[in-house]
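Asker: Please read through the structure below; I'll follow up with questions.
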Amino acid sequence: MKLTLNGAPIDVDAHPMKRLLDVLREECGLTGTKEGCGEGECGACTVLVDGAAVCACLVPWAHAEGTTVTTIEGLEDSHPLQQAFMDHVGAQCGICTPGMILAVIALGPDPSLAKIKEGLTGNLCRCTGYEAIYRAIQSVDGSRPSALGSRPSRNT
Amino acid sequence: VRTATNTLELRQPRSLNEALGLLRDDPALIPLAGCTDLYVSVNFGTLGGSRFLDLGSLAALRRVSVTNDLLVIGALTTYTEIIRSRHVRKLLPMLVEAARQIGGPQIQNRGTIGGNIANASPAGDSLPVLSAADAIVVLRSVAGERRVPFTEFYTGYRASVRKPDELIVAVEIPRQSGAQWFRKVGTRAAQAISKVVMAGVRDQRPRIAIGSVGPTIVRATKTEAALADGASIDDAARLLGDEIHPIDDARSTADYRRAVTMNLLRRFWSDTQAR
């Protein structure tokens, strides 16, 4: 099955009902996407599918066909949000961090604090109390090229 | 994951007609769309079957339109698409409110309104809105199409009039007059399953529907009639307390749900009072 994963075209053979999360971790070797609850509550497995945040534990592999998927590895350790989370101690145990960062990228550049809070309602963190995460996100200057992703365009 | 996903079968029709044909030939096929409920069952090992019908590529069911005073929402329209739709924002703002409070963005990006109806949970947050709005469920099979009032769609706990060979293809919502109101009460603002969820329309005869207080969504017809006849809000709230059938469960208690439902009615009434 063909799709674009972290910018590169790939062709992976996996069972169509296998969870996208498991294909990413097992077939593709991308273990940056974490499994927390496995039922769409915690957001630790958040990845971007065509720019929109989804829980990879709730997506059948069949639904990834022809899409563009971005995982935390796609940021290549060079995204300003990743450094900001380290600088502001927005990560403690780190399990929620990849999903947090991808959920923020889906919000587009320079989200307001209200928009950040609403945008992260699907991502649970049991260490930080969120304040450090909000500080980290707000410290990133979205006006710099590629600092934050572009907003997904899916209007009806 | 408690389910071996490689034992599951998935049929992938390319058109609605093909999907309906597959369903006629094998009514045990379970339709899947956004999968936000389905994969919870996969994780728990509580799937009700092993053969699935993928509706994911039926783009024709994924649109919002307005025709002849009817707002038509395709079954595969996601909550995110509902939130962004100018038609829904204008004509059914209480559905936008409900969609914004379902799960978080990850669930809103995937979950569909048809799935919320089909999953038939008494706690489905879009369902009181559809009930209070007098929505019509559009069902289609190879034999044709039929329309069922939403208030007659459910027959009991997780049971509906949908036949195994039918698919929910859309909901039609008549033009609403009167103020619309929605309120969800859960453990936290996001990612919570409702303890009580209420939608109301303040028309000449008000329309009130409540979730999580009975085996299916409850349309409070007696309370509505009393309010239309000029009953006091206290009398109406007492009537509503008798009209619902909440239970004690993991999320809440019957007493709490009854008290909150009565309070929500008062809130609905004061929030929608003409000034």
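Asker: Scan the range B:1-23 residue by residue and report those that are under 21 Å from residue B:74 (Cα atoms) and assigned to a helix (DSSP H, G or I).
Answerer: Across the range B:1-23, the qualifying residues are B:16, B:17, B:18, B:19, B:20, B:21, B:22, B:23.
Asker: Go through (1) away from chain A (no Cβ under 14 Å); (2) of a type outside the set (Phe, Trp, Tyr); (3) outside any helix (DSSP H, G or I) and name the single condition residue B:76 misses.
Answerer: Going through (1) away from chain A (no Cβ under 14 Å); (2) of a type outside the set (Phe, Trp, Tyr); (3) outside any helix (DSSP H, G or I) one by one, residue B:76 breaks only (1).
Asker: If you don't mind, another one. Of everything in the range A:119-156, what is at pLDDT below 95 and within 22 Å of residue B:89 (Cβ to Cβ)? Give them in sequence order.
Answerer: Once the filter is applied, which keeps residues that are at pLDDT below 95 and within 22 Å of residue B:89 (Cβ to Cβ), the range A:119-156 yields A:151, A:152, A:153, A:154, A:155, A:156.
Asker: Let me ask another. Looking at (1) closer than 21 Å to residue B:5 by Cα; (2) open to solvent by 40 Å² or more (accessible area, probe 1.4 Å); (3) more than 8 Å from every other protein chain (Cβ to nearest Cβ), which one does residue A:12 not meet, given that it meets all the others?
Answerer: (2)
Asker: Name the residues in the range A:5-19 that are part of a strand (DSSP E or B) and either farther than 27 Å from residue B:31 by Cα or more than 19 Å from the chain's Cα centre (by Cα) (or both), would you?
Answerer: Keep residues of the range A:5-19 that are part of a strand (DSSP E or B), which gives A:5, A:8-11, A:19.
Matches in the range A:5-19: A:5, A:8, A:9, A:10, A:11.
Asker: Looking for whichever is more than 9 Å from chain A (Cβ to nearest Cβ), open to solvent by less than 50 Å² (accessible area, probe 1.4 Å) and not β-branched (Val, Ile, Thr) here; the options are B:32, B:10, B:53. Which one fits?
Answerer: Numbers: B:32 fails: more than 9 Å from chain A (Cβ to nearest Cβ); B:10 fails: more than 9 Å from chain A (Cβ to nearest Cβ).
Testing whether each residue is more than 9 Å from chain A (Cβ to nearest Cβ), open to solvent by less than 50 Å² (accessible area, probe 1.4 Å) and not β-branched (Val, Ile, Thr) leaves just B:53.
Asker: Take residue B:166 and tell me if it is without any contact (Cβ under 8 Å) to a residue 12 or more places away in the chain and farther than 30 Å from residue A:44 by Cα.
Answerer: No, not satisfied.
Asker: Separate question: State whether the residues of the range B:57-66 include one that is part of a helix (DSSP H, G or I), more than 8 Å from every other protein chain (Cβ to nearest Cβ), touching a strand residue (DSSP E or B) at 6+ places or on another chain (Cβ under 8 Å) and open to solvent by less than 30 Å² (accessible area, probe 1.4 Å).
Answerer: Yes: one or more hits.
Asker: Something else about it: Could you say whether any residue in the range A:53-71 is modelled with pLDDT of 95 or more, more than 12 Å from every other protein chain (Cβ to nearest Cβ) and part of a helix (DSSP H, G or I)?
Answerer: no
Asker: If a residue has to be within 12 Å of another protein chain (Cβ to nearest Cβ), touching a Ser or Thr at 6+ places or on another chain (Cβ under 9 Å) and more than 30 Å from residue A:18 (Cβ to Cβ) to count, how many in the range B:79-95 make the cut?
Answerer: Result for the range B:79-95: 5.
Asker: Just name the residue that is nearest to residue B:91 (Cα to Cα) out of those in the range B:143-191 that are in a loop (DSSP other than H, G, I, E, B) and in contact with a Gly (Cβ under 6 Å, 6 or more places away or on another chain).
Answerer: B:190
Asker: If I filter the range B:187-202 down to residues being modelled with pLDDT of 95 or more and surrounded by fewer than 23 Cβ atoms within 10 Å (Cβ to Cβ), which single residue comes out as farthest from residue B:228 (Cα to Cα)?
Answerer: Ranking the qualifying residues of the range B:187-202, first place goes to B:195.
The values are calculated or read from the model by the stated rules, or taken from the named source; none is laboratory data. Fair warning: this is a prediction, and the values are worked out from it, not measured in the lab. Please note: Cβ atoms are built from the backbone with ideal geometry, for glycine as well, and neighbour counts cover all protein chains shown. Note: areas computed on protein heavy atoms with side chains; ligands, DNA, RNA excluded. Shrake-Rupley method; radii C 1.70, N 1.55, O 1.52, S 1.80 Å.
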